[in-house]
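Asks: So that we are looking at the same thing, I have put the structure below in structure tokens.
The values are calculated or read from the model by the stated rules, or taken from the named source; none is laboratory data. What you see is a predicted model, and the numbers here were worked out from it, not measured in a lab. Don't worry about glycine lacking a Cβ; one is built from the backbone with ideal geometry, like all the others, and counts go over all protein chains shown. Only protein heavy atoms, including side chains, enter the accessible area calculation; ligands, DNA and RNA are left aside. Shrake-Rupley method; radii C 1.70, N 1.55, O 1.52, S 1.80 Å.
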Amino acid sequence: MGIVEVIIIVLFGVFVRLSSSTTAIFTTAYTLYQDMDVMMLIGFGFLMAFSKSFSWSAVTYTFFINALVIQLYILLNGFWQRAVIDGFYSSNYYIYINEQTLAYALHASASMFVCMGAFIGRVGPLELLIVALVHIFLYTVNEVICIYKIQAFDVGGGMTVHTFGAYAGVTASLLFNASTRPTSKPRSNYFSNLFALIGALFVWMYFPSFNFGYGYVQGTGGAQYSQTQVLTNTVISLTASCLGTFVTSAYLKEKFTLSHILNASISGGVVMAAVGGIIIHPGAAITIGFLIGIVATASLHFLTPFLEKKFGLYDTCGVHSTFGLPGLLGGILSAIAAASYAYPSAYDAYALSSAKLAFYDVLVATPYKQGGLQIAATFTSLGFGIAVGIVGGILVRFVQDFGPNEIFNDGVYF
Amino acid sequence: MGIVEVIIIVLFGVFVRLSSSTTAIFTTAYTLYQDMDVMMLIGFGFLMAFSKSFSWSAVTYTFFINALVIQLYILLNGFWQRAVIDGFYSSNYYIYINEQTLAYALHASASMFVCMGAFIGRVGPLELLIVALVHIFLYTVNEVICIYKIQAFDVGGGMTVHTFGAYAGVTASLLFNASTRPTSKPRSNYFSNLFALIGALFVWMYFPSFNFGYGYVQGTGGAQYSQTQVLTNTVISLTASCLGTFVTSAYLKEKFTLSHILNASISGGVVMAAVGGIIIHPGAAITIGFLIGIVATASLHFLTPFLEKKFGLYDTCGVHSTFGLPGLLGGILSAIAAASYAYPSAYDAYALSSAKLAFYDVLVATPYKQGGLQIAATFTSLGFGIAVGIVGGILVRFVQDFGPNEIFNDGVYF
Amino acid sequence: MGIVEVIIIVLFGVFVRLSSSTTAIFTTAYTLYQDMDVMMLIGFGFLMAFSKSFSWSAVTYTFFINALVIQLYILLNGFWQRAVIDGFYSSNYYIYINEQTLAYALHASASMFVCMGAFIGRVGPLELLIVALVHIFLYTVNEVICIYKIQAFDVGGGMTVHTFGAYAGVTASLLFNASTRPTSKPRSNYFSNLFALIGALFVWMYFPSFNFGYGYVQGTGGAQYSQTQVLTNTVISLTASCLGTFVTSAYLKEKFTLSHILNASISGGVVMAAVGGIIIHPGAAITIGFLIGIVATASLHFLTPFLEKKFGLYDTCGVHSTFGLPGLLGGILSAIAAASYAYPSAYDAYALSSAKLAFYDVLVATPYKQGGLQIAATFTSLGFGIAVGIVGGILVRFVQDFGPNEIFNDGVYF
């Protein structure tokens, strides 16, 4: 890791420069950055710390991976922007950064944490470092392709963050050495679950900020998403997915299951990441949120154990149900929502006038084409995610020599 | 709960639309919304989790109740605004929402959490759902009456949130079945109290944001409260109530009592909720805060056990001392502060010129009348709160069949 | 403490008035205030709560000391501003406060918490009160001298907060009665360390806000620091110090040491406090951050036990390594950075144009002189800090009668 850092430092010295400063960047981008910062380190960190046998690992690995991803994102995003979009020439030699760049970088962190959630507890810091390097390398390619090349609408990273990250993690988990297959569930206790609740609540609370963290100057012509639309849709959807989770969890077991509440509640934010910048009906947001809460809970209850039994897929935090499916469904819904603008008469005039939709002109001009682009970006992200899983999972096999006693046990590294 | 949610979804589809977007709403209302969001779920959630036997219930019930109240507030506030103030006609058919609406909705959540604090641990999710439905129904009526009809100055909801919520909870607690009378104190341990400290600190820290969360466009003509006045008064008052609590707690027992610190420290925010938008002397804020810290601590020490012994009033979190009394006193002080503008010569010129007071013209024109309106709104809120307690408490009797082993024990539902 | 508070209340009534209100203050200063507020109470409070035998003390003492320091800062800063800079005359009779004043006050709190960290667990509330009174009295003098008289560039308080606080704490710790010398390490357990991780992460996350919290209207002519420069440099430096800490910790022991991660990770924020407003190369920020992470970790590992053995210096939280050394080095680096503007040709044109440097004209005009002023302010802060330690440490000897069983044990006061 020390060597990686020295290389990063040299590249920073040569290529990275500060962007000049404006107050608007501070009052919006920095506020969102800080919300997302807490969502990353307290949110994802403690959500993954639900087991009392690897809480320290979950939180501290989240901490150093976040630091590494921020630095690498700055360099690699700058590189791919030029390689894929702008071309290299002397006048765009430098990568300029400001608070907004940092906010974008946290989307990359989140994607890596979703990925980690699938196999946390079964890997040490070296294995994580390898997956993180593969992940950030392909994350930055996929992001540039989906957002700037395909020009999909993906304000909160439903495709580039959640679909990409979840399928990367699941695929890697499948490919790990057999010696790291858990023989028992991770042990959790009363207090470690309370820490996980702190994590889950911070993820839930700051998801609207995350979904809008990307809302600036992407894709065509630097247009903006409507902040009221993205933030309000996400909040409404999250409240509905929370209620959908409680209802379904109580129905399935006659009692609440804490792991459902910890995970499925936040699926309403995941599903809004792609579609939340397109739909303009709060009624659609609440419906989608409620249904995805039910789907995610049912998936945690039925699908996760089934996949484990049938395919040997160990998914420590159930990221497939919480991030994978809702991310995919959100991508498909975003295509349907975009295509629905082919029938503007289906929208009442109040709904249309009430929201100043981002890229509204694009959508009304080419609804079916944009729908196709949404699908394209969704499956591009899925494909790149699986690629990360394959490359990362195979590379990890060479270094991974966990014994059965070392799984779900942070005593090995502390 | 599933049925309630389906009804809500249908009503959202028909009536709710997004409001158009402005940056100012984002940089102010959304920032305040997020502060209040953390105050609700981490703050109130973990403050009520002080007992290691029902920490999970406290946090998770807070979570789903918050989601439900946000959705219902949007619908019911829209309804009562039209029923009481605007009238129904076709051009105001839709309820428009944005980030500001969400911030208002969290005042309703807070009021319900204050209410819950009186009997948390003695009810299950069904009983909570019943109380929450009664609460939000009358909360939205009372709010419209106090703020728009009576036109009281209640920037932080001292009357509508705290007085209303505390007396609702206390009254309901009195009316619950005898079988839910606790025979012992809730058990807490070292770590569950540390979690409660996290909760208490987040409530304390974000109370200024909460008190200003309402500061926009209410009452006559959309005038604004002065943010510097509300925020600074609340911070000063909270520091003083913190110190008043520590001094009194040490005096009463020769040691600090953690439950005093957890609860009475925040009374300085409660008392400023009504009066913090009217007084312009930091000296008044610090004096009131220090005294209310002493009063709330003494009340927790003497009054809470007395009421329990004498009237069988079980008040799990001592909300009567922390929110009830300070809310009531704040309402009365707000009347005195309003009336004091009948003597503007008592204010030095520097004080008057230094604060651009909200509704200053109203106050100087009709100080005694406004004082009367403050009293009226305080007792209207008290009355509606007690009504919630009576209706909710009686309805709960029909479903509540807790046995002695189920009190303060979240194993029943997890 | 009650008597102190009554005196404060009287002085508030006579001297303190609200400043008139602007929206800009809210969207910037109040947002920063709230970030710093969480950093103080959750961050420093729980960082010091790493031991399960005095977690309650650490958090609750942080709470009341913070309240006291805010109030005293307002009065004493107002006093020294007039005594040292403006002079006393009738037209500046009143101290005007707003959200910005509160943000400044939290720098004083932070300095006191750094100081406390050196001896937390070995003192009771009375001893802390004595040190806090001495500390805030000299903190406010030193701040006015360094910032307004010497006119050093110290945007985040690298000199006035960290150097001052750390050497105050270390000196006081040396002078305490022999009876308070710990005979064993504070006991920590799995969960108390998780609480400490929450604290450390909040300090790490909000350090950029802290470093910019001071960024308004100080020194000559009310110029501003560049927010992008300060915030981005601090974030980059923190990510690098986090990685430097992990690398060094793993190298030193072949495993990670949690106390290294808890403390040394944040040294990248401390070192940027003075120099982060002067350097304009992100490459410099990442290099300094990485090196200070290594230095702080090595210092915790080698220097702290050495000083304890050789000089009987008990430093509970290792503040000398985390805040003392990085603060001092940051001050010296800030002098070098200022002096480097004597060779503007060493900067490429892109770097110079990309950052609108605060006080840039000052720096280019008098680079060596400003370098000297930076050194002067660093050692002035060091001297005043040591003075606090001597006076506070000696005064505490008169009241301190801790027995061996009372060290690292909050049962004495709860």
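Asks: Modelled with pLDDT under 95 and part of a helix (DSSP H, G or I), is that true of C:SER353? Step through it out loud before you land on a result.
Replies: Numbers: modelled with pLDDT under 95: yes; part of a helix (DSSP H, G or I): yes.
It is true that C:SER353 is modelled with pLDDT under 95 and part of a helix (DSSP H, G or I).
Asks: Can you tell me which residue in the range A:293-329 is most open to solvent (accessible area, probe 1.4 Å), limited to those that are free of Cβ contacts under 8 Å to residues at least 12 places away in the same chain and not aromatic (Phe, Trp, Tyr)? Steps first, answer last, please.
Replies: Just the residues of the range A:293-329 that are free of Cβ contacts under 8 Å to residues at least 12 places away in the same chain, to begin with: A:302, A:305-306, A:308-310.
Now drop any that are not not aromatic (Phe, Trp, Tyr), which leaves A:305, A:308-310.
Details: A:PRO305: 64, A:GLU308: 54, A:LYS309: 189, A:LYS310: 142 Å².
That would be A:LYS309.
Asks: Quick check: anything in the range A:358-377 open to solvent by less than 40 Å² (accessible area, probe 1.4 Å), at pLDDT below 95, among the aromatic types (Phe, Trp, Tyr) and more than 17 Å from A:CYS146 (Cα to Cα)?
Replies: The answer is no; no qualifying residue exists.
Asks: Sticking with this structure for a sec: Report whether or not C:PHE246 is facing another protein chain (nearest Cβ under 7 Å) and open to solvent by 10 Å² or more (accessible area, probe 1.4 Å).
Replies: Working: facing another protein chain (nearest Cβ under 7 Å): yes; open to solvent by 10 Å² or more (accessible area, probe 1.4 Å): no.
Taking the combined requirement at face value, the residue does not satisfy it.
Asks: Look through B:VAL141, B:VAL131, B:VAL84, B:VAL114 and report the one residue that is open to solvent by 10 Å² or more (accessible area, probe 1.4 Å) and at pLDDT 95 or above. Reasoning before the result, please.
Replies: Working: B:VAL131 fails: open to solvent by 10 Å² or more (accessible area, probe 1.4 Å); B:VAL84 fails: at pLDDT 95 or above; B:VAL114 fails: open to solvent by 10 Å² or more (accessible area, probe 1.4 Å).
On inspection, the qualifying residue turns out to be B:VAL141.
Asks: Checking A:ASN263 against (1) open to solvent by 10 Å² or more (accessible area, probe 1.4 Å); (2) within 19 Å of the chain's Cα centre (by Cα); (3) within 10 Å of chain B (Cβ to nearest Cβ), which test does it fail?
Replies: Single failed check for A:ASN263: (3).
Asks: I'd like the residue in the range C:1-43 that is open to solvent by 10 Å² or more (accessible area, probe 1.4 Å), closer than 26 Å to C:LEU126 by Cβ and more than 9 Å from chain B (Cβ to nearest Cβ) and, out of all such residues, is modelled with the highest pLDDT.
Replies: Top of the filtered list is C:ILE7.
Asks: Here's another thing I want to ask about it. For the structure I just gave you, tell me whether C:PHE79 is more than 11 Å from chain B (Cβ to nearest Cβ), outside any helix (DSSP H, G or I), modelled with pLDDT under 95 and open to solvent by 10 Å² or more (accessible area, probe 1.4 Å). Spell out the reasoning first.
Replies: Working: more than 11 Å from chain B (Cβ to nearest Cβ): yes; outside any helix (DSSP H, G or I): no; modelled with pLDDT under 95: yes; open to solvent by 10 Å² or more (accessible area, probe 1.4 Å): yes.
Against the criterion (more than 11 Å from chain B (Cβ to nearest Cβ), outside any helix (DSSP H, G or I), modelled with pLDDT under 95 and open to solvent by 10 Å² or more (accessible area, probe 1.4 Å)), C:PHE79 does not qualify.
Asks: Kindly indicate which of C:PHE54, C:PHE46, C:PHE113 is closer than 25 Å to C:LYS185 by Cα, within 15 Å of the chain's Cα centre (by Cα) and not small (Gly, Ala, Ser). Steps first, please.
Replies: Values: C:PHE54 fails: within 15 Å of the chain's Cα centre (by Cα); C:PHE46 fails: within 15 Å of the chain's Cα centre (by Cα).
Residue meeting the stated conditions: C:PHE113.
Asks: Quick one: count up the residues across the range B:266-292 that are of a type outside the set (Val, Ile, Thr) and surrounded by fewer than 24 Cβ atoms within 10 Å (Cβ to Cβ). Spell out the reasoning first.
Replies: First, pick out the residues of the range B:266-292 that are of a type outside the set (Val, Ile, Thr): B:267-269, B:272-274, B:276-277, B:281-285, B:289-291.
Then drop every residue that is not surrounded by fewer than 24 Cβ atoms within 10 Å (Cβ to Cβ), which leaves B:281, B:283-284, B:291.
Total meeting the criteria: 4.
Asks: Restricting to helices (runs of 4 or more DSSP H) lying wholly in the range C:266-340: which have 1 or more residues that are within 14 Å of chain A (Cβ to nearest Cβ) and under 19 Å from the mean Cα position of the chain (by Cα)?
Replies: Numbers: elements: C:267-275, C:282-298, C:304-311, C:325-339.
Helices (runs of 4 or more DSSP H) meeting the threshold: C:267-275, C:282-298.
Asks: Right, another one. Considering C:ARG122, C:ARG187, which residue is open to solvent by less than 20 Å² (accessible area, probe 1.4 Å) and outside any helix (DSSP H, G or I)?
Replies: Details: C:ARG187 fails: open to solvent by less than 20 Å² (accessible area, probe 1.4 Å).
The match here is C:ARG122.
Asks: Within the range A:168-181, identify whether any single residue is open to solvent by 10 Å² or more (accessible area, probe 1.4 Å) and at pLDDT 95 or above, and answer yes or no.
Replies: Step one: filter the range A:168-181 for residues open to solvent by 10 Å² or more (accessible area, probe 1.4 Å), giving A:170-171, A:174-175, A:177-179, A:181.
Going one step further and asking which of them are at pLDDT 95 or above, we end up with A:170-171.
The answer is yes; a qualifying residue exists.
Asks: Quick one: would you say A:PHE202 is at pLDDT 95 or above and more than 7 Å from chain B (Cβ to nearest Cβ)?
Replies: Details: at pLDDT 95 or above: yes; more than 7 Å from chain B (Cβ to nearest Cβ): yes.
It is true that A:PHE202 is at pLDDT 95 or above and more than 7 Å from chain B (Cβ to nearest Cβ).
Asks: Looking at B:ALA49 and the list (1) in a helix (DSSP H, G or I); (2) buried (at least 24 other Cβ atoms within 10 Å of the Cβ); (3) aliphatic (A, V, I, L, M); (4) within 10 Å of chain A (Cβ to nearest Cβ), which single condition is not satisfied?
Replies: (1)
Asks: While we're looking at this one, here's another question. Does B:VAL144 satisfy the criteria of being assigned to a helix (DSSP H, G or I) and of a type in the set (Val, Ile, Thr)? Talk me through it step by step, then tell me what you get.
Replies: Details: assigned to a helix (DSSP H, G or I): yes; of a type in the set (Val, Ile, Thr): yes.
Yes, satisfied.
Asks: Could I ask something else about it? For the range B:207-243, which residues satisfy the criterion of being crowded, with 24+ Cβ neighbours inside 10 Å, modelled with pLDDT under 95 and among the β-branched types (Val, Ile, Thr)?
Replies: B:THR228, B:VAL230, B:THR232
Asks: Out of all the residues in the range B:89-112, is one or more free of Cβ contacts under 8 Å to residues at least 60 places away in the same chain, of a type in the set (A, V, I, L, M, F, W, C) and within 10 Å of another protein chain (Cβ to nearest Cβ)? Give the steps one after another, and end with the answer.
Replies: The first filter runs over the range B:89-112 and keeps only residues free of Cβ contacts under 8 Å to residues at least 60 places away in the same chain, leaving B:89-92, B:105, B:108, B:111-112.
Then drop every residue that is not of a type in the set (A, V, I, L, M, F, W, C), which leaves B:105, B:108, B:112.
Checking which are within 10 Å of another protein chain (Cβ to nearest Cβ) leaves us with B:105.
Yes, because at least one residue in the range B:89-112 is free of Cβ contacts under 8 Å to residues at least 60 places away in the same chain, of a type in the set (A, V, I, L, M, F, W, C) and within 10 Å of another protein chain (Cβ to nearest Cβ).
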